[in-house]
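Everything on this sheet refers to the single structure shown next.
The values are calculated or read from the model by the stated rules, or taken from the named source; none is laboratory data. Predicted model only: the values in this text are computed from it and were never measured. Ideal geometry is used to build each Cβ from the backbone, glycine not excepted, and the neighbour counts take in all protein chains shown. SASA here: full protein model, heavy atoms, side chains in, ligands and nucleic acids out. Shrake-Rupley method; radii C 1.70, N 1.55, O 1.52, S 1.80 Å.
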Amino acid sequence: MYLPRAFADQDLSRLHQVIHDCRLATLVTCGALGLQASHLPLLLEAGQGANGTLYGHLAKANPQCAELAAGAEALVIFEGGDAYVSPSFYPSKAEHGKVVPTWNYVAVHAYGQAEVFHEPQRLLKLVGALTERHEAGRQQPWKVEDAPADYIDGMLKAIVGFALPIQRLEGKRKLSQNRDARDMAGVREGLAASTDLRDQQLSHLMR
């Protein structure tokens, strides 16, 4: 991605936190069938490899499975917070008017080549871990074991798992760092005053 120095984020723990907090990632590949993208939840094993390893699964009928199996390079996009920045947020607007709208956001891009797997026990472990993560906090969390075993066995036959060691990791935090302190404060205050929760969350990130 386009990564001006002011917005580049190389803090591995912070990049991993964005990955962890992103509930639905975008997996992009480019192979014999051209560009393809799938939207899916992923797990990060931060201690596996220099940048961590991503785990997920696709429907076996998804043609992207073949691209991963063939060794196509994959790009996984994780979106953090984002918010529209109005020129009216900038105190400098009143001085010279030389301001335009922009967008603040946080994003992480992970690159690598995946290993696909079909073993039922390995798939079951992955599905169980994903379920536990997203059921956490519910009063009565659903567990894979709650479904009939033969039904789960059939579902596992319909998916393909993958492990994607992250070979390259890029992070971008575009949070008005290219503006002076007064304008940055104006953006924080403008977003904090918004009724949109996403704007408020980005204001918090800017602090």
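Candidates are the residues of the range 126-142 that are in contact with a helix residue (DSSP H, G or I) (Cβ under 7 Å, 6 or more places away or on another chain) and part of a loop (DSSP other than H, G, I, E, B); the one that is least open to solvent (accessible area, probe 1.4 Å) is 141. When the range 54-74 is limited to residues that are out of contact with any helix residue (DSSP H, G or I) (no Cβ under 9 Å at 6 or more places or on another chain) and surrounded by 19 or more Cβ atoms within 10 Å (Cβ to Cβ), the one that is farthest from residue 25 (Cα to Cα) turns out to be 67. Among all positions in the range 152-174, there is no residue which is assigned to a loop (DSSP other than H, G, I, E, B) and under 30 Å from residue 101 (Cβ atoms).
Within the range 42-63, the set of residues being small (Gly, Ala, Ser) and over 17 Å from residue 160 (Cα atoms) comprises 46, 47, 49, 50, 52.
So which of 106, 85, 100 is surrounded by fewer than 17 Cβ atoms within 10 Å (Cβ to Cβ), of a type in the set (Val, Ile, Thr) and over 21 Å from residue 56 (Cα atoms)?
Details: 106 fails: surrounded by fewer than 17 Cβ atoms within 10 Å (Cβ to Cβ); 85 fails: surrounded by fewer than 17 Cβ atoms within 10 Å (Cβ to Cβ).
So the residue among 106, 85, 100 that is surrounded by fewer than 17 Cβ atoms within 10 Å (Cβ to Cβ), of a type in the set (Val, Ile, Thr) and over 21 Å from residue 56 (Cα atoms) is 100.
Residues in the range 27-84 that are assigned to a loop (DSSP other than H, G, I, E, B) and over 16 Å from residue 108 (Cβ atoms): 32, 33, 47, 48, 60, 61, 62, 63, 70, 71, 72. Every condition in (1) buried (at least 18 other Cβ atoms within 10 Å of the Cβ); (2) over 14 Å from the mean Cα position of the chain (by Cα) is met by residue 15 except one, and the failing one is (2).
Within the range 186-200, residues that are in contact (Cβ under 8 Å) with a residue 24 or more places away in the chain and part of a helix (DSSP H, G or I) sit with their Cβ atoms under 7 Å from residues that are among the β-branched types (Val, Ile, Thr) and open to solvent by less than 60 Å² (accessible area, probe 1.4 Å), at 6+ positions apart or across chains, in these pairs: 187/85. All of (1) within 30 Å of residue 199 (Cα to Cα); (2) assigned to a strand (DSSP E or B); (3) not aromatic (Phe, Trp, Tyr) hold for residue 91 with one exception: (2). Under the condition of being over 30 Å from residue 47 (Cβ atoms), surrounded by fewer than 19 Cβ atoms within 10 Å (Cβ to Cβ), touching a strand residue (DSSP E or B) at 6+ places or on another chain (Cβ under 7 Å) and among the polar types (S, T, N, Q), the residues counted in the range 163-207 number 0.
Look at (1) farther than 19 Å from residue 18 by Cβ; (2) in contact (Cβ under 8 Å) with a residue 60 or more places away in the chain; (3) surrounded by 13 or more Cβ atoms within 10 Å (Cβ to Cβ) and you find that residue 117 fails only one, number (2).
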